[in-house]
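> Got a structure for you, written out below as structure tokens; questions coming shortly.
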Amino acid sequence: MSDKAARFSLFLGSHVRMELCETCGNKRCPHATDRAYACTGSNEAGQPGSKYKKTGSSAPTAPVDAQELSDNEALTQKISHD
């Protein structure tokens with residue numbers, strides 16, 4: 001776990017559980033959603049494989065639903081095989 005992720009984990013304590021990438025500590029990194037994805041080191045919303053989609057506003061992004069995530073994973077696998 002990165003130093004950034006460890007500090008954040010101590011800050012939150014045991015009251016909140018947030019999935020963070022164990023490499024970069026970002027919540028929107030695809031590796032935080034599924035350990036099969038590589039770490040991008042980015043916290044940008046809308047990355048393929050991330051459960052956080054990009055929004056057109058400055059409002060916080062929300063996780064996508066399970067079906068949308070499944071569709072996104074299928075698309076990512078298709079792209080990697082082409």
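The values are calculated or read from the model by the stated rules, or taken from the named source; none is laboratory data. Because the structure is a prediction, the values reported are computed rather than measured. Positions of Cβ are backbone-derived with ideal geometry, glycine not excepted, and every protein chain shown enters the neighbour counts.
> Enumerate the pairs (first residue in the stretch 21-46 and in contact (Cβ under 8 Å) with a residue 12 or more places away in the chain and assigned to a helix (DSSP H, G or I); second residue anywhere and surrounded by 20 or more Cβ atoms within 10 Å (Cβ to Cβ) and of a type in the set (D, E, K, R)) with beta-carbon separation below 8 Å, excluding pairs fewer than 6 apart on the same chain, so at least 6 apart or on different chains.
Filtered contacts from the stretch 21-46: 33/51.
Each row is one residue, and each column tells you yes or no for (1) at pLDDT below 95; (2) among the hydrophobic types (A, V, I, L, M, F, W, C); (3) within 20 Å of residue 4 (Cβ to Cβ).
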| site | (1), (2), (3) |
| --- | --- |
| 16 | yes, yes, yes |
| 27 | yes, no, yes |
| 37 | yes, no, yes |
| 43 | yes, no, yes |
| 47 | yes, no, yes |
| 50 | yes, no, yes |
| 55 | yes, no, no |
| 63 | yes, no, no |
| 67 | yes, no, no |
